[in-house]
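Everything below concerns the one structure shown next.
Derivation of every value follows stated rules applied to the coordinates shown; laboratory data play no part. Worth saying up front: this structure is predicted, and the values here are computed from it rather than measured. For neighbour counting, all protein chains shown are included, and Cβ atoms are generated from backbone atoms with ideal geometry for every residue, glycine included.
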Amino acid sequence: MDLLQWALIAFVVAIVAGLFGFTGVAQGAASVGRVLFGLFLVVAVVFLVLALLGVSLLT
């Protein structure tokens, strides 16, 4: 599985566990979800800045 699939799994687990209250597993899943969200947000911003500057990473 790639990282995006793991992020989606963590998101679903966090949502389901959040419905039952943020205790134990739910709190851990929410923490993982926040970290992955932050990671993807940083990567997206970096790629956006590189694209605006005209930098090509595939050459």
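For the reader, a short list of remarks on this structure follows.
- Taken over the chain, the convex hull of the Cα atoms encloses 74 Å³ per residue.
- Highest average packing first - 49-57, 3-11, Cβ atoms within 10 Å: 3-11, 49-57
- Label-point separation in nm, residue 37 to residue 52, each point 7 Å along Cα→Cβ: 2.3 nm
- Where only DSSP H runs of four or more residues are counted, the chain gives -27500 deg cm²/dmol as its mean residue ellipticity at 222 nm, each run worth -39500 (n - 2.57).
- Remark: relative contact order (the chain) = 28 percent; criterion is Cα-Cα distance under 8 angstrom and separation of 6 or more residues.
- The string of couplings for segment 43-55 from the Karplus curve (6.51, -1.76, 1.60, θ = phi - 60°) is 4, 5, 5, 4, 5, 5, 5, 4, 5, 5, 7, x, 7 Hz, one whole number per residue in order, with x for Gly and Pro.
- Between helix 3-19 and the chain: long-axis angle, C-alpha atoms, 0 to 90°, nearest 10: 30 degrees
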